[in-house]
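Engineer: Okay, here's the structure, questions in a sec.
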Amino acid sequence: MKIAIAGAGVAGSYLGFMLQKEGHDVTIFESSKEESHWAVCAWGGSRNILEKFSKNVGLNFNEYIFHVGKKLRMDLPNNKEEYLELIGLVTYNKQKWEHDLLKDLRVKYNFKCSNSFSFMDYDYVLDCTGLHRSLLPKSTTDFIIPAYEYLIENPDIPSNNEFYVIGYKGARGYFWYFPIDKGRAFVGAGDIDRKYYGIKEFFHNNPSAKIIKKIGRPIRLAPPKRMEPFFNKNVIGVGESIGCVFPLLGEGIIPSLLCCEIFLNVLDKSENFDFKLYRNLVLKKFNYYDDVYKIVRLKMEGKLSTIKHFPLMMKMYSSMKKDEKRFGFEINLDKMNRLVNAL
Ligand SMILES: Cc1cc2nc3c(=O)[nH]c(=O)nc-3n(C[C@H](O)[C@H](O)[C@H](O)COP(=O)(O)OP(=O)(O)OC[C@H]3O[C@@H](n4cnc5c(N)ncnc54)[C@H](O)[C@@H]3O)c2cc1C
């Protein structure tokens with residue numbers, strides 16, 4: 001089949017590789033120039049899952065790992081700290097991972113897909129443009145929060161160099177410090193109120209930290225249930241473009257890859273892509289993300305009641321507990337309750 005992919009991010013590069021491997025005629029269209037194409041992200045994810053997806057495309061994930069986390073420290077608004085045991089959370093060279101997949105693919109850089117794209121030249125056009133969702137109609141229930149981050153180099157790496165997060169009151173955002181390699185780290189924040197608490201403080205406490213890159217891009221929190229339609233004529237959305245992000249954190253690498261897996265399975269099943277089956281499987285897979293999203297929004301609006309919404313919170317806990325390996329950090333009921341109460 002002749003397939004066009006808009007966007008060479010995690011979903012676009014993975015799908016491009018897999019589809020070409022299966023014998024399809026694939027062209028990727030990427031809006032950035034080749035020399036400036038950057039994998040916008042903090043490059044954090046669970047090795048338990050990323051190992052599997054890397055294996056599918058013939059990559060050894062160990063070669064991409066930068067930092068293996070042991071504990072994540074979270075500062076809470078009540079001046080308390082919480083520590084999460086990490087069971088697979090790593091940072092990895094996402095930039096190289098994607099670019100290694102793109103190496104033998106036909107990629108047209110500096111090509112911004114829009115509604116004037118030559119859709120009819122292809123059997124299917126995949127919207128893998130992430131946050132932009134450039135080829136699908138806008139969703140009326142989308143929800144994004146402003147965010148930016150710095151790639152920094154710090155010669156005075158703190159001795160406790162580890163994943164570090166500050167949760168904001170009302171779950172209105174968070175600050176992150178994700179260590180990568182050789183004193184480099186991502187320091188950033190997503191914040192509905194655009195105050196980005198933690199960033200200024202970080203540079204004040206780490207005066208020798210040098211900024212290598214500033215990256216600005218909002219984070220989508222709306223899950224698939226809020227991001228319909230998933231397709232329009234021969235355009236099919238895969239990845240963050242259809243809300244494959246975990247709403248508590250805006251974490252989207254693994255959800256996007258899981259969405260790619262669903263897409264490939266549906267495509268394999270019959271000659272004509274079964275749009276309805278794809279929609280149902282995506283909604284089923286990410287069903288509990290909507291519970292998480294509801295909790296986040298209730299918290300943001302100051303309406304979350306630990307009594308009234310107890311069943312919803314327990315549903316979120318049990319779904320996340322089942323998926324613990326995929327998150328790469330412990331899912332602990334006491335800690336989760338303390339966290340929800342403190343935020
Ligand atoms: C600051 C920040 C930090 C993050 N940190 C993490 C993290 O640590 N872990 C995690 O799991 N998730 C993180 N995320 C989310 C994660 O990066 C995304 O959810 C994930 O990359 C989505 O994959 P995707 O392939 O769907 O889209 P993307 O990876 O965003 O790729 C989309 C691609 O499409 C291109 N594009 C856009 N518009 C067009 C167009 N019109 N035509 C052609 N090309 C186009 C873009 O240039 C880009 O290359 C972070 C997001 C942000 C903003």
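The values are calculated or read from the model by the stated rules, or taken from the named source; none is laboratory data. All figures in this text were calculated on a predicted structure; none of them were measured in a lab. Reconstructed Cβ throughout: ideal geometry from the backbone, glycine too, with neighbour counts over all protein chains shown.
Engineer: Which pairs have Cβ atoms under 7 Å, sit 6 or more apart or on different chains, and link a residue in segment 82-103 that is closer than 22 Å to L151 by Cα and aromatic (F, W, Y) to one that is within 13 Å of the ligand (Cβ to nearest atom) and part of a helix (DSSP H, G or I)?
Structural biologist: Y92/L50
Engineer: Restricting to segment 39-55, name every residue that is touching a helix residue (DSSP H, G or I) at 6+ places or on another chain (Cβ under 7 Å) and not in a loop (DSSP other than H, G, I, E, B). Quick ask: steps written out before the conclusion?
Structural biologist: First pass over segment 39-55, keeping only residues touching a helix residue (DSSP H, G or I) at 6+ places or on another chain (Cβ under 7 Å): 39, 41, 43, 45-51, 53-54.
Those that are touching a helix residue (DSSP H, G or I) at 6+ places or on another chain (Cβ under 7 Å) and not in a loop (DSSP other than H, G, I, E, B): G45, S46, R47, N48, I49, L50, E51, F53, S54.
Engineer: I'm trying to understand the selection: among the residues of segment 262-292, which are within 15 Å of the ligand (Cβ to nearest atom) and free of Cβ contacts under 8 Å to residues at least 24 places away in the same chain?
Structural biologist: I262
Engineer: Which of the residues spanning segment 155-177 are in contact with a strand residue (DSSP E or B) (Cβ under 9 Å, 6 or more places away or on another chain) and on the phi > 0 side of the Ramachandran plot?
Structural biologist: Correct list: G173 only.
Engineer: Continuing with this model, one more query. (1) assigned to a helix (DSSP H, G or I); (2) surrounded by fewer than 17 Cβ atoms within 10 Å (Cβ to Cβ); (3) of a type in the set (D, E): which one isn't true of D291, the others all being true?
Structural biologist: (2)
Engineer: For the subset of segment 151-171 comprising residues that are within 16 Å of the ligand (Cβ to nearest atom) and not β-branched (V, I, T), which member is surrounded by the fewest Cβ atoms within 10 Å (Cβ to Cβ)?
Structural biologist: E162
Engineer: Something else about it: Going through segment 6-38 one residue at a time, which ones are assigned to a strand (DSSP E or B) and more than 9 Å from the ligand (Cβ to nearest atom)? If you could, list the steps in order and put the result at the bottom.
Structural biologist: Just the residues of segment 6-38 that are assigned to a strand (DSSP E or B), to begin with: 6, 25-29.
Within segment 6-38, D25, V26, T27 meet the criteria.
Engineer: Residue check: is F17 more than 24 Å from Y109 (Cα to Cα), aromatic (F, W, Y), at pLDDT 95 or above and crowded, with 20+ Cβ neighbours inside 10 Å? Quick ask: steps written out before the conclusion?
Structural biologist: Values: more than 24 Å from Y109 (Cα to Cα): no; aromatic (F, W, Y): yes; at pLDDT 95 or above: yes; crowded, with 20+ Cβ neighbours inside 10 Å: yes.
No; evaluated as a whole, the condition is false for this residue.
Engineer: Also: Do any residues in segment 112-123 that are within 11 Å of the ligand (Cβ to nearest atom) have Cβ atoms under 9 Å from those of residues that are aromatic (F, W, Y), where the two are at least six apart or on different chains, and which pairs are they?
Structural biologist: K112/F29; C113/F29; F117/F29
Engineer: What number of residues in segment 99-157 are of a type in the set (A, V, I, L, M, F, W, C) and touching a Ser or Thr at 6+ places or on another chain (Cβ under 6 Å)? Reasoning before the result, please.
Structural biologist: Taking segment 99-157 first, the residues of a type in the set (A, V, I, L, M, F, W, C) are 101-102, 105, 107, 111, 113, 117, 119-120, 125-126, 128, 131, 135-136, 143-145, 147, 151-152, 157.
Restricting the remaining residues to those that are touching a Ser or Thr at 6+ places or on another chain (Cβ under 6 Å) gives 101-102, 113.
Of the residues in that region, 3 qualify.
Engineer: Test D181 against the stated conditions and say whether it is among the charged types (D, E, K, R) and more than 19 Å from the chain's Cα centre (by Cα).
Structural biologist: Details: among the charged types (D, E, K, R): yes; more than 19 Å from the chain's Cα centre (by Cα): yes.
Taking the combined requirement at face value, the residue satisfies it.
Engineer: Next question. Please indicate, with yes or no, whether at least one residue in segment 244-260 is away from the ligand (no atom under 15 Å from the Cβ) and not in a loop (DSSP other than H, G, I, E, B). Full working, then the answer.
Structural biologist: Going through segment 244-260, the residues away from the ligand (no atom under 15 Å from the Cβ) turn out to be none.
Checking segment 244-260: not a single residue is away from the ligand (no atom under 15 Å from the Cβ) and not in a loop (DSSP other than H, G, I, E, B).
Engineer: Ok, one more. Return the pairs, sorted by first residue and then second, in which the second residue is modelled with pLDDT of 95 or more and within 6 Å of the ligand (Cβ to nearest atom), the first residue lies in segment 40-59 and is more than 19 Å from G12 (Cβ to Cβ) and charged (D, E, K, R), the beta carbons are less than 9 Å apart, and the residues are 6+ apart or on different chains.
Structural biologist: Taking only residues 6 or more apart or on different chains, not a single pair turns up.
Engineer: Which of (1) among the aromatic types (F, W, Y); (2) more than 30 Å from K2 (Cβ to Cβ); (3) within 16 Å of the ligand (Cβ to nearest atom) is the odd one out, the single condition F231 does not satisfy?
Structural biologist: Unmet condition: (2).
Engineer: Can you tell me which residue among V107, V90 is under 28 Å from K294 (Cα atoms) and either in a loop (DSSP other than H, G, I, E, B) or of a type in the set (V, I, T) (or both)?
Structural biologist: Only one candidate passes the filter, namely V90.
Engineer: Filter segment 79-91 for residues that are more than 10 Å from the ligand (Cβ to nearest atom) and either buried (at least 22 other Cβ atoms within 10 Å of the Cβ) or of a type in the set (A, V, I, L, M) (or both) and give the result. Give the steps one after another, and end with the answer.
Structural biologist: The initial filter retains those residues of segment 79-91 that are more than 10 Å from the ligand (Cβ to nearest atom), namely 79-88, 90.
Across segment 79-91, the qualifying residues are L84, L86, I87, V90.
Engineer: What number of residues within segment 172-200 satisfy the criterion of being surrounded by 15 or more Cβ atoms within 10 Å (Cβ to Cβ), of a type outside the set (F, W, Y), touching a Gly at 6+ places or on another chain (Cβ under 8 Å) and under 23 Å from V292 (Cβ atoms)?
Structural biologist: Selection size over segment 172-200: 5.
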